[in-house]
């Protein structure tokens, strides 16, 4: 019974110590696949929300904000990807020499392994895949035999969703009858089914019939990529789309701060599997709380769109009539050259540019690009500060209120207006400062 006393025991299937990392080159290749997935996801979001001929059960204002956000993010990610490939190739060549580049490549490799290394290894290495499977089986066994749990809910995020699904559908786990539900959140199963080697034996099974499967995903999650589509099979999961922050950088981890849509759902499933409406964690105002959260997120995204437009206008202003942006890039390069670690990198890049005999207009374009990077960092810091001071406390307080028993207020229009005025004033002031400032000063020789 959902209202009866329950004891919840949390356990983690940990396999990092069982993992041998793949090579840097393989990780770079897989990172390119991820970038392509991001571009594809943003394009589909833009066309779906921006087309009047596609019927979507969303308010028109939400569709407009989603479409505009996807469009600007698509341009930004595409430009970053266009710079990523030649930069990485040059970076990799210079890393063959000892010094700062070698250390930087090591740091990048560790980052890529942490993000996608276990995913690649699981799909391509049979021996290590068995070790990873065993971590799941050991955790299930511990909960049943040591903790005396009568029912288990497996929650798996990202690459863990691939491991959990394959372990529960293909591994001989004696205690599997105790597993009642699999909750995959931001899972990489779509990627795994598409990228799995043709001869691989993994991910070919089906979950036992007694296991209920909930698949939670967010629109801008570059890993999940939308509704599960298993080639040649009917969908076996219950589809649960949520809205995190409509941001390709943060959406993949944003589920764990989404109280109204994900955390409450998870608690309801643990408390009353298959019957969330009977759970003690189910509020009669759940849908209203979700709508309030989505309106707050859409408000924040509209601020982000204004920031994109203001920043673009500020950059154009710094290039005309005088090229202050190029001067900013030259000055920033000189300042960075004085720093202990970055100085070696800047000197190496300068030597490469000299060896390639880069001259205007190519050198001018690189200077403007570098100068733009400086202002991107500064304006991003401004947006993050405004977000942390204005949106963060408001959003957090509302999320906590949604966990209580009191009904939500009738409207949050006043809060939206007040916070929008504060944030937009800050963004306008920041953009005007960029327009008005002289070229950045150079360091004294």
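What follows is calculated from the coordinates using simple rules that are stated; it is not laboratory data. All values reported here derive from a predicted model rather than from experimental measurement. Here the Cβ positions follow ideal geometry from the backbone for every residue, glycine too, while neighbour counts run over all protein chains shown.
Spin-label point model (7 Å from Cα, Cβ direction): what's the residue 385 to residue 414 distance in nm?
Placing both labels 7 Å along Cα→Cβ, they lie 2.9 nm apart.
What is the distance, in nm, between label points placed 7 Å from the Cα along the Cα-to-Cβ direction at residue 61 and at residue 316?
2.7 nm
For an R0 of 22 angstrom, estimate the FRET efficiency from the Cβ-Cβ distance between residue 142 and residue 8 and round to the nearest 0.05.
Calculated transfer efficiency: 0.90.
Shape call for the range 178-246 from the C-alpha gyration tensor, a ≥ b ≥ c root eigenvalues: rounded (a/c under 1.5), prolate (a/b greater than b/c) or oblate?
Oblate.
Students often check this: by mean Cβ neighbours within 10 Å, which of 4-14, 380-390 ranks highest, and how do the rest follow?
Going by the mean number of other Cβ atoms within 10 Å, highest first, we get 380-390, 4-14.
Along Cα→Cβ, 7 Å out, is where each label goes; now give me the distance between the ones at residue 424 and residue 175 in nm to one decimal.
Output for this residue pair reads 5.7 nm.
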